[in-house]
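Just below is one structure, and these are the notes that go with it.
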Amino acid sequence: MKGKDLKNDIVRAAYKAFAKADYKQVSTNQIVQDANVSKGLLFHYFKNKQTLYISLYEMAWSLIHRDIFTDFPQANHDAFDRLMEMIVRKTDSMIKHQTITAFIKRVHMNTMPDIVKARTQIYQSFQQRNYKRVFDQIDKSLFKDDQHLDEIFKVVTWTFNKITHDWERNHAKKEPSDALKILKSELEHYLVFFKTYFYKA
């Protein structure tokens, strides 16, 4: 078996283990046994358990970022349309990759200082890349007031993130296609409101 395949086996086994249990409860012995590789091979690819954990977190967000922006409609220069598209795609990706999503949630509950620090840096970098892509070359002429776009985007982004958070709490366990329809409907309601309020007539 090729080295890349062996590394992928380790990654899959690690996601599975860390998604089901807290960081301290997961042993590298458990991971290598599930991956059917030696512990030496795990440490060949990852310096230690914490390095593996943080690497998995970064890989998780990279996967979601790729899902969001593959064939992303950049030709549409409407900032609000793009933002909604990003949130729907991100949510769809997290529904599709349930093990990775469960892992991410556990990482966010981890209170170990080194992990919190690394997690925060990775997540902030992911968010910055996302919003940079979303708001790149938008049509500013649509806005009534283009002097306060940063403040507008903060309000809109906070609102959409709050809607997604409430949706996850209330609807995420429904059938995925039905859950996404509910999310899209709620986002579209606010999309109309924001365009009416912030855009020129």
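The values are calculated or read from the model by the stated rules, or taken from the named source; none is laboratory data. Owing to the predicted nature of the structure, the values given are computational and were not obtained by experimental measurement. Backbone-built Cβ (ideal geometry, glycine too); neighbour counts: all protein chains shown.
Going residue by residue through the range 27-47, is there one that turns out to be of a type in the set (D, E, K, R), in a helix (DSSP H, G or I) and outside the structural domain of residue 135 (by TED's automatic domain parsing)?
Yes, that holds for at least one residue.
Working only within the range 64-90, note down all residues that are under 29 Å from residue 16 (Cβ atoms) and either over 20 Å from the mean Cα position of the chain (by Cα) or loosely packed, with under 15 Cβ neighbours inside 10 Å (or both).
66, 70
Quick one: count up the residues across the range 4-26 that are in a loop (DSSP other than H, G, I, E, B) and either among the hydrophobic types (A, V, I, L, M, F, W, C) or at positive phi (or both). Adding up the residues that qualify gives 2.
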